[in-house]
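See below for the structure under consideration.
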Amino acid sequence: MAATWHVLGAGSLGSLWATRLARANLPVRLILRNTDRLAAYQANGSCVTLVENDIAHAYPVEAQTADHRQPIERLLVACKAYEAEQAVAQLAPRLTAQADVILLQNGLGSQDAVAAQIPHARCLFASSTEGAFLESDWRVRFAGHGFNWLGDVSDPTAPALVQDLHDSGIPHEWTPDILTRLWRKLALNCAINPLTVLHDCRNGGLLEHACEVATLCAELSDLLGRCGQPAAAQELHAEVLRVIQATAANYSSMYQDVLHGRRTEISYLLGYACAAAVRHGCPAPHLQHLQTRLTAHLASKGLRTD
Ligand code: NAD
Ligand code: KPL
């Protein structure tokens, strides 16, 4: 019998994954925050709607709260980086000795914190370039096709669950270099996202701030080298420019978070990079200054700076 997937968080990516797993007839359970959310979900018919290419389809998916007693063999942690530690702590007693836990968080820092809490489980780190957003509760729009890289920093053997991803049409690759992928994405996010917030522009608007982008890329490349991630630094500036051009009309995820008054993942992106620079004694004055400016900007908007 197929192992059951538990998906923690019925947000954008959690809903995107849960619907695709359910579409492939795999057993899926959503883990919702509390009994109020569970009741609201059940009142909606216990279905999640996926809108793909403007076509909406509702998939029945059972849901539960964290205090349910069903053992968990496969867990997808699909919450924000700053929510992951607390969310997984609630589920730790339910994880079986062979449990696989996929950590879908952007940036770095939260994965290690979660893994330290559940040494009995196998933590798989993921880096996703797929795009999705909730149009309303329990209704997700698949906004940008992308890819998912998965890996385990301490074991290069692919787990059995990759077959389920294949069967569900979730684009993925198992990689022994997941940290390189995560660092590379973190560097791209550090070079682009904070500047779009501070200059109040779309990604393409950064073409008018080419010197600032180039300086940040140079510091990030040095930092990646010092952190033992030289592969993540290769041609970083050229890729940042390519991403800025390819996504010129888009607003970065951090820009959208700030616009909607949501907490950002700053501590796991620029904050993590700046802390790593200090730890490694790597001079990064422009990154540190960017962090100071961004923190002040968030505070001026009444947003959390951690
Ligand atoms: P989201 O805010 O849409 O969804 C997170 C969900 O988790 C929310 O519904 C929240 O209520 C729920 N949650 C949090 N704590 C919980 C708990 N203890 N119990 C139950 N539910 C809980 O976030 P998202 O956009 O899906 O992003 C998840 C991660 O993926 C982030 O790190 C983000 O940066 C990354 N990411 C997102 C996208 C995207 O397109 N949305 C793309 C790439 C990467
Ligand atoms: O991932 C991104 C984001 O907006 O978070 C890109 C498009 C790469 C910009 O940094």
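The values are calculated or read from the model by the stated rules, or taken from the named source; none is laboratory data. Every value quoted in this text rests on a predicted model; they were computed, and no experiment measured them. Every residue, glycine among them, receives a Cβ derived from its backbone with ideal geometry; neighbour counts consider all protein chains shown. SASA here: full protein model, heavy atoms, side chains in, ligands and nucleic acids out. Shrake-Rupley method; radii C 1.70, N 1.55, O 1.52, S 1.80 Å.
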Which one is modelled with the highest pLDDT, of the residues in the stretch 136-156 that are farther than 21 Å from Val48 by Cα and over 15 Å from the mean Cα position of the chain (by Cα)? Asp152
Out of the residues in the stretch 162-208 that are open to solvent by 50 Å² or more (accessible area, probe 1.4 Å) and of a type in the set (A, V, I, L, M), state the one that is farthest from Leu298 (Cα to Cα). Leu179
Since Ala231 meets every condition but one in (1) of a type in the set (A, V, I, L, M, F, W, C); (2) exposed (fewer than 15 other Cβ atoms within 10 Å of the Cβ); (3) within 16 Å of ligand 1 (Cβ to nearest atom), which condition does it not meet? (3)
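So which helices (runs of 4 or more DSSP H) stay within the stretch 245-306 end to end and still have 1 or more residues that are more than 23 Å from the chain's Cα centre (by Cα)? Lay out the reasoning, then the answer.
Numbers: elements: 253-259, 270-279, 285-300.
Passing ranges, in order: 270-279, 285-300.
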Output the number of residues of the stretch 201-244 satisfying the condition of being within 25 Å of Ala275 (Cα to Cα) and in a loop (DSSP other than H, G, I, E, B). 5
Could you tell me which numbered condition Asp222 fails, if it satisfies all but one of (1) open to solvent by less than 20 Å² (accessible area, probe 1.4 Å); (2) of a type outside the set (Ser, Thr, Tyr); (3) closer than 14 Å to Trp183 by Cβ? (1)
Do any residues in the stretch 93-113 that are modelled with pLDDT of 95 or more have Cβ atoms under 6 Å from those of residues that are among the charged types (D, E, K, R), where the two are at least six apart or on different chains, and which pairs are they? Thr96/Glu73; Ala99/Glu73; Asp100/Arg74; Asp100/Arg122; Asn106/Glu265; Gly107/Glu265; Ala113/Glu85
Looking only at the stretch 241-274, which residues are free of Cβ contacts under 8 Å to residues at least 40 places away in the same chain and either assigned by the TED database to the domain that holds Ala78 or among the aliphatic types (A, V, I, L, M) (or both)? Leu241, Ala246, Leu259
